[in-house]
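In what follows, a structure is listed as structure tokens, so that the remarks can point back to it.
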Amino acid sequence: ETLPTVKGVITEVFVSEEIISEGGGSFRLEIETGITEVPESLKNDDRWNTILKINNEMKKELSAIKKSIKDENKVVYDVKLMVKDGESWTEATAENFPKDGLTVTIPYPKGTERKNHNFIAAHLFTVSMNGREAGEVERIKASAITKTDDGIQFVLHGLSPIAVGWEKTEDEEKPDTEAPKSSDSDTGSKKSSDSKSKTPKTGDNNKVPIYMILMLVSAVTAESIRKYRQDI
């Protein structure tokens, strides 16, 4: 009698045009912002068995790399590695994933850019491969990340999900210009001028007012003496 209500999440999916050639195969990435499903291999893992847990735990992994990065500067991607099979593309598996790792490029998160931000990343193994078990995390420090024109580039040894964190570079946080540093001679002259300006004032500068007061007192005294003599 009524239409059903369906709740869902619409996510942004980026399909890389870059073809990665490694290990004799051709690969490309499909990057989805956010996690929309739990990998089959992790559904019985208490740490990773919900979408919320995956998001939260991956952000914690970024904090383990660099504590100063805020949660609002973190994003989790569901990244699928696609391998070319003849004329079509199919999702890669542990068997056809390059044994020495794969160099991937992730577009810069919204609001960030190459010049003014530094990045870190973390990758969750969803299947056992390359000596790692499903549920293990691969941490990628800033020193292992290359900032290219197309995005951040680093080497992965497994499949999906990937978390990226960022913060502004120190150069951007500093003022554009800095006051020139004084030389030793400048410093000496500055100290000298400061000491002169802070010297307590003496009465020398107040000679004129003092003379006027003395003259006034003298005049009053003289007048008093004159009146006193007249009275006598």
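Beta carbons within 10 angstrom, averaged per residue: use that to sort the peptides 131-137, 25-31, highest first.
Sorting 131-137, 25-31 by mean packing, highest first, produces 25-31, 131-137.
Between beta-carbons, use under 15 Å as the cut-off and find the net charge around Val38, counting Lys and Arg +1, Asp and Glu -1. Mind showing how you got there, number by number?
Working: positive: Lys43, Arg47, Lys53, Lys80; negative: Glu32, Glu37, Glu40, Asp45, Asp46, Glu57, Asp78.
Residues near Val38 contribute -3 overall.
Does anything in segment 2-42 have its amide N under 15 Å from the 7 Å Cα→Cβ label point of Trp89, and if so which residues?
Counting backbone N atoms under 15 Å from the label point, the list is 13-22, 26-33.
For Asn56 and Asp149, compute 0.36 nm times the residue count separating them, minus their Cα-Cα distance, and round to one decimal in nm.
Roughly 30.5 nm would be gained on extension.
Rounded, prolate or oblate: which fits segment 43-170, taking a ≥ b ≥ c as square roots of the Cα gyration tensor eigenvalues, rounded meaning a/c under 1.5, else prolate when a/b beats b/c?
Numbers: a/c = 1.94, a/b = 1.26, b/c = 1.54.
Oblate, since a/c reaches 1.5 and b/c is not below a/b.
Mark the label point 7 Å from the Cα of Glu40 along Cα→Cβ and return the residues of segment 114-149 whose backbone N is within less than 18 Å of it.
It comes to 125-129, 134-135, nothing else.
Accessible surface of Leu52 in the full protein assembly, 1.4 angstrom probe, to the nearest 10 Å²?
120
What GluC sites (Glu not before Pro) does segment 62-105 have in DSSP loop regions with at most 10 other beta carbons within 10 Å?
Sparse-neighbourhood loop GluC sites (Glu not before Pro): Glu87, Glu95.
Would you mind working out the accessible area per residue for segment 60-123, using a 1.4 Å probe, and quoting it in Å²?
Value for segment 60-123: 54 Å² per residue.
So which of Lys66/Lys168; Lys115/Lys147; Lys84/Lys141 end up more than 19 Å apart, counting from Cα to Cα? Please list the in-between numbers first.
On the way: Lys66/Lys168 13 Å; Lys115/Lys147 9 Å; Lys84/Lys141 30 Å.
Those over the limit are Lys84/Lys141.
The values are calculated or read from the model by the stated rules, or taken from the named source; none is laboratory data. Keep in mind that this is a model prediction, so the values were computed, not measured. Don't worry about glycine lacking a Cβ; one is built from the backbone with ideal geometry, like all the others, and counts go over all protein chains shown. When the accessible area is computed, the model is the full protein with side chains, heavy atoms only, and any ligands, DNA or RNA have been set aside. Shrake-Rupley method; radii C 1.70, N 1.55, O 1.52, S 1.80 Å.
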